[in-house]
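A.B. asks: Before I ask anything, let me first share the structure, which is written out below as structure tokens.
Any read-out appearing in this document is the output of simple, stated calculations on the displayed coordinates, not a laboratory observation. Bear in mind that the values here come from a model prediction, so they are computed numbers and not experimental data. Note that each Cβ is placed from the backbone with ideal geometry, even for glycine, and that neighbours are counted across all protein chains shown.
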Protein chains: 2
Amino acid sequence: MGSNPKTGSTTITDAPAADTPKADGRQRIVDEAAALFLEQGYAATTLRQLADVVGMKAGSLYYHFSSKDELLTEILQRGIEIMQQAFDTASAPGPKAASGPKQIEAHVRAHLAALFENGPYTATHVTTFRTAPPSVRTAIVPVRDAYEARWTALLDNLKTEKAIRADVDTGLARLILFGAMNSSIEWFDAERGNLDHFATQLTQQFWSGVSA
Amino acid sequence: MGSNPKTGSTTITDAPAADTPKADGRQRIVDEAAALFLEQGYAATTLRQLADVVGMKAGSLYYHFSSKDELLTEILQRGIEIMQQAFDTASAPGPKAASGPKQIEAHVRAHLAALFENGPYTATHVTTFRTAPPSVRTAIVPVRDAYEARWTALLDNLKTEKAIRADVDTGLARLILFGAMNSSIEWFDAERGNLDHFATQLTQQFWSGVSA
DNA sequence: GTCTATACCACGATAGAC
DNA sequence: GTCTATCGTGGTATAGAC
């Protein structure tokens, strides 16, 4: 695993990094499908288009997958798994216990890494889940809940330790933080932007606000 | 216009409220289309389905619109107009000048009202813009920029007045705030939730963070 | 494991009657 | 202003050769 010296967070390398040479076979198909779904949306992406990008004919895709929905389900699932692994890695205790904001920052960094540094799966999950076909959505819900529970526990702990104010609704705070992080898909340029800096700024603002 | 005693923000009533009896004719079509696009996405919504909901045959829609894209363009445009009007109404000076956080709160309340209290246009804009057909997107970009500029000016002013810290990147702060507000589409229930309370909490967290 | 060929259907859009 | 009827296209998915 590629470890990041600045934040101590890690990159999950059994997921393709953004600059990894393209995989082949089945994995290649899923990679390209996720990228297309992210860019155009699920419904707007056709299997002929996917086959084109991968370099095969549309019918051949069905050797690997039994339906377009199955392909989406696999991508959404993988998207959450990547987030979860990133979260758990960021939770691994270092030599000394980190302070409240440092804990948050590590997990924010991990979440952003899942969005931008481990292939399009997580970003595709975030952007396509809401309008995914109902059957696909229900299959994914439990895994989502498990991830959200990790964050809720983290924030609740900090509140119990009185690092977070008593009047803060941690459930709402989590939703606000998720919204701030996930919406960066719409504007953050992974090629040009500095993810560590972004994670620091975002955490700082979540923790202390903007007021003088 | 329906004025809100608590925040002083107003509801734009030439847009249909959520509980307004359904309009008829052309307006009805646009209303239902926006609702369907919001729920299912643009590409996944078919004109036959829209015609069904409206109570006519698919071909008849073309008396009112020349293409599906035109319908979307009109909805996205209207979505921004509603946001802009809400913003400007919230900017109208009261008897006494409001403090920094109160100014923010008034505009947050206005933005949320546009998302949840003035029909599905604004919410549809937020959810479908990113994956809209390129020709539709480029037609809308200038109007979006104008709205974003209003927020940038608001935050920059507060920074100049030293109500916002000097080290805050107002451009980033705006993106974070937008992300937090807009993502509430995914979870806020307009029927059950209290929008004033939500606006207060969100502003409080944006302004002061969560730290003890 | 990928190909060709194609079935079957629903899509957006048009034409002309009423 | 809405209907019926239909056109042309392109969608997902399947069958069988290679």
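A.B. asks: What stretch of chain A, leaving out the sites themselves, is the longest with no GluC sites (Glu not before Pro) in a DSSP loop having at most 15 other Cβ atoms within 10 Å? Walk me through the numbers before you get to the answer.
C.D. replies: Working: sites that count: A:E161, A:E191.
By the stated rule (loop sites, at most 15 other Cβ atoms within 10 Å), A:1-160.
A.B. asks: Could you pull out the trypsin sites (Lys or Arg not before Pro) across the range A:90-159 that fall in loop regions by DSSP (anything but H, G, I, E, B) with no more than 12 other Cβ atoms inside 10 Å?
C.D. replies: Working: sites: A:K96, A:K102, A:R109, A:R130, A:R137, A:R144, A:R150, A:K159; in loops: A:K96, A:R130.
Of the trypsin sites (Lys or Arg not before Pro), the ones in loops of the range A:90-159 whose Cβ has at most 12 other Cβ atoms within 10 Å are A:K96.
A.B. asks: When the dipole is taken about the Cα centre of the range B:25-148, and only Lys, Arg (+1) and Asp, Glu (-1) are charged at their Cβ, what size is it in debye, to the nearest 20? Can you show the working numbers first?
C.D. replies: Values: 12 positive and 13 negative charges, 5 e Å.
Charge dipole, the range B:25-148, about its Cα centre: 20 debye, nearest 20.
A.B. asks: Give me the distance in nm between label points sitting 7 Å out from Cα along the Cα-to-Cβ direction at A:R165 and B:K22, one decimal.
C.D. replies: 4.5
A.B. asks: Contact order normalised by length for the range B:15-208, with contacts defined as Cα pairs under 8 Å and 6 or more residues apart; what percent is it?
C.D. replies: Details: 166 pairs, mean separation 50.3, N = 194.
Result for the range B:15-208 is 26 percent.
A.B. asks: Report the FRET efficiency, 1/(1 + (r/R0)^6), for B:K102 and B:D145, where r is their Cβ-Cβ distance and R0 is 25 Å, rounded to 0.05.
C.D. replies: Details: r = 27 Å, r/R0 = 1.06.
Taking R0 as 25 Å, the efficiency between B:K102 and B:D145 is 0.40.
A.B. asks: Taking the simple approach of a point 7 Å from Cα along Cα-to-Cβ for both A:S135 and B:D52, what is their distance in nm?
C.D. replies: Here the modelled spin labels are 1.7 nm apart.
A.B. asks: Indicate the helices, whole DSSP H runs only, in chain B that combine a mean Kyte-Doolittle hydropathy of -1.0 or more with a Cα extent along their long axis of 30 angstrom or more. Walk me through the intermediate numbers first.
C.D. replies: Working: long enough: B:68-91 (35 Å, -0.24); B:134-160 (38 Å, -0.15).
The answer, listed by residue number, is B:68-91, B:134-160.
A.B. asks: Please state the charge dipole magnitude for the range A:76-208, taken about the Cα centre, from unit charges on C-beta atoms (+1 on K and R, -1 on D and E), reported in debye and rounded to the nearest 20.
C.D. replies: The dipole of the range A:76-208 has a size of about 180 debye.
A.B. asks: What is the set of long-range amide H partners of A:I164 at a cut-off below 5 Å, with H atoms built 1.01 Å from backbone N?
C.D. replies: A:K159, B:A212
A.B. asks: Based on Cβ point charges of +1 for Lys and Arg and -1 for Asp and Glu, what charge dipole magnitude is obtained for the protein assembly as shown about its Cα centre, in debye rounded to the nearest 20?
C.D. replies: Details: 40 positive and 48 negative charges, 72 e Å.
That gives the protein assembly as shown a dipole magnitude of about 340 debye.
A.B. asks: Putting +1 on Lys and Arg Cβ atoms and -1 on Asp and Glu Cβ atoms, find which of B:T73, B:H111, B:Y42 reaches farthest to the positive end of the dipole of the protein assembly as shown.
C.D. replies: Ranked along the dipole, the leading option is B:H111.
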